[in-house]
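To start, the structure itself, in structure tokens.
The values are calculated or read from the model by the stated rules, or taken from the named source; none is laboratory data. Only a predicted model underlies this, so the values are computations on that prediction, with no experimental measurement involved. Here Cβ is always computed from backbone atoms with ideal geometry, including for glycine, and neighbour counts include all displayed protein chains.
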Amino acid sequence: MSPLLYSFSLMKKGITEFAKFLRREFILVVFVVLLVVLSFLSLSIVPEFPQFVDWRTIFALTGLMVITRGFNESQFFQFLACRILRRVRKENHLAFGLILLSVGLSTFLTNDITLFIMVPLSLQLQDRLKNDISRLIAFEAIAVNVGSSLTPIGNPQNLFLWHQWRLSFWAFIVRMSPITLTMVAVLAVFIVAFFSGRQLQLQDNGQRGTKIDRRLLITSSIFMVLFVISMDSGFETVILIALLLWYVLFHRDIMSKIDWLLLMLFIVMFIDFHILASISWISKAVNRIDMRNPGNVFLFSAGLSQFISNVPAAIFASKFTTSWRAISYGVNVGGNGLIIGSMANIIAIRMAGGSKLMQTFHKYSIPYFFITLFISYLLLF
């Protein structure tokens with residue numbers, strides 16, 4: 001092959017790989033381009049970008065990603081998948097069990113921690129089944145947004161609003177229970193409508209034995225408990241450093257399998273959202289809305305969540321009103337709809353690996369969003 005043809009072949013291969021990267025990392029590319037544009041418009045605040053990032057969230061995600069990869073590499077999720085398939089025979093029974101488990105776990109474990117448990121398990125189940133249950137992960141993303149809406153510690157926006165609202169732990173649950181129960185009921189209807197009673201059919205590898213790496217499983221379990229406790233106690237950085245050192249020294253292969261681009265996506269998103277929220281003409285536009293009306297606050301919070309995610313939407317809305325119940329209803333309903341509505345949605349889709357699943361997610365989440373938006377609006381009055 002001539003040097004010219006060889007160079008052309010390399011260039012063609014590079015273009016193909018770049019096109020694949022753009023399709024695979026579409027969300028990241030969009031937010032990086034937005035960051036570049038905003039940086040040129042706000043050159044003076046570029047040195048302040050690190051201050052815009054919620055590093056506690058980034059550290060929490062890092063620890064959870066490493067630990068759950070440890071669980072996965074220990075073959076624990078594979079073992080659990082086999083045990084489940086021995087007992088569950090129908091597709092709708094599997095869906096009800098895993099989706100409602102996601103709702104229950106997310107009320108106290110938080111939405112992202114629950115996904116780091118449920119998504120790898122669901123992927124292992126899919127690996128062993130001829131049935132296409134990929135939409136199960138989309139429903140689990142919806143489910144954790146639903147379950148986490150109930151308690152002050154279920155998700156970051158609730159934690160922020162709880163402190164602002166100045167309610168007791170149980171009073172917050174009482175105030176949020178109408179909307180959570182409504183969303184659970186609608187979710188149950190969706191499960192009945194979209195999951196059939198077909199028999200689960202195992203792949204040829206469905207019955208293969210699974211040998212668990214007990215040492216890795218026990219170590220990962222200990223780190224998970226310590227890390228969750230440390231996130232509530234404020235010393236998660238110490239545990240994060242310890243677990244990173246452990247996995248680097250004894251399980252270096254795990255570190256190479258972490259989705260580091262997901263962390264980059266979150267860092268870029270934090271900066272983008274902070275800049276957007278500080279733009280003066282946006283604040284002026286919001287001031288034209290009657291934010292004394294709870295209905296307006298609710299619709300504004302839910303709608304804004306579709307564009308900047310529900311955590312920054314809660315913080316931004318709080319600058320214009322003290323209708324905490326309306327904001328809480330809005331940002332929790334707004335967690336579903338577009339994928340950007342909740343960070344948990346992005347985590348689920350990234351872990352499951354694909355733009356195809358994003359389309360599946362929107363197929364169910366957008367109708368779910370509008371149905372729950374309408375019912376929740378009525379609950380405000």
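Points worth noting:
- The lone exception for Thr68 - which of (1) under 19 Å from the mean Cα position of the chain (by Cα); (2) at pLDDT 85 or above; (3) surrounded by fewer than 24 Cβ atoms within 10 Å (Cβ to Cβ); (4) among the polar types (S, T, N, Q) it fails: (2)
- Selected residue (only one of Leu161, Leu115, Leu98 is touching a helix residue (DSSP H, G or I) at 6+ places or on another chain (Cβ under 8 Å), part of a helix (DSSP H, G or I), among the aliphatic types (A, V, I, L, M) and over 19 Å from Ile347 (Cβ atoms)): Leu161
- Within segment 88-106, at least one residue is in contact (Cβ under 8 Å) with a residue 24 or more places away in the chain and closer than 25 Å to Phe270 by Cβ.
- Residues that are surrounded by 12 or more Cβ atoms within 10 Å (Cβ to Cβ) and farther than 12 Å from Leu64 by Cβ, drawn from segment 239-249: Ile241, Ala242, Leu244, Trp246, Tyr247, Val248
- For segment 183-237, the set of residues classified as surrounded by 15 or more Cβ atoms within 10 Å (Cβ to Cβ), within 29 Å of Ser149 (Cβ to Cβ) and modelled with pLDDT under 80 consists of Val228, Met231, Glu236, listed by residue number.
- Scanning segment 297-320 for residues that are polar (S, T, N, Q) and either within 11 Å of Gly335 (Cα to Cα) or touching a strand residue (DSSP E or B) at 6+ places or on another chain (Cβ under 9 Å) (or both) returns Ser301, Ser305, Gln306, Ser309, Asn310.
Okay, residues lined up against (1) over 30 Å from Tyr377 (Cα atoms); (2) among the hydroxyl-bearing types (Ser, Thr, Tyr):
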position: Ile222; (1), (2): yes, no
position: Val228; (1), (2): yes, no
position: Ser233; (1), (2): yes, yes
position: Tyr247; (1), (2): yes, yes
position: Phe266; (1), (2): yes, no
position: Phe270; (1), (2): no, no
position: His274; (1), (2): no, no
position: Ser278; (1), (2): no, yes
position: Asn293; (1), (2): no, no
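- For segment 28-60, a residue qualifies if it is of a type in the set (Ser, Thr, Tyr), modelled with pLDDT under 85 and surrounded by 14 or more Cβ atoms within 10 Å (Cβ to Cβ), and the qualifying residues are Ser42, Thr57.
- Of all the residues in segment 42-72, those that are in a loop (DSSP other than H, G, I, E, B) and closer than 25 Å to Asn111 by Cα number 2.
- For segment 47-64, the condition of being in contact with a Gly (Cβ under 9 Å, 6 or more places away or on another chain) and aliphatic (A, V, I, L, M) holds for none of the residues.
- Test for Phe108: is it of a type outside the set (D, E, K, R), out of contact with any Lys or Arg (no Cβ under 7 Å at 6 or more places or on another chain) and closer than 17 Å to Ser220 by Cα: no
- Considering segment 249-292, and only residues there that are among the polar types (S, T, N, Q) and part of a helix (DSSP H, G or I), the residue that is nearest to Pro120 (Cα to Cα) turns out to be Ser278.
- For segment 293-330, the set of residues classified as of a type in the set (S, T, N, Q) and not in a loop (DSSP other than H, G, I, E, B) consists of Asn296, Ser301, Ser305, Gln306, Asn310, Ser328, listed by residue number.
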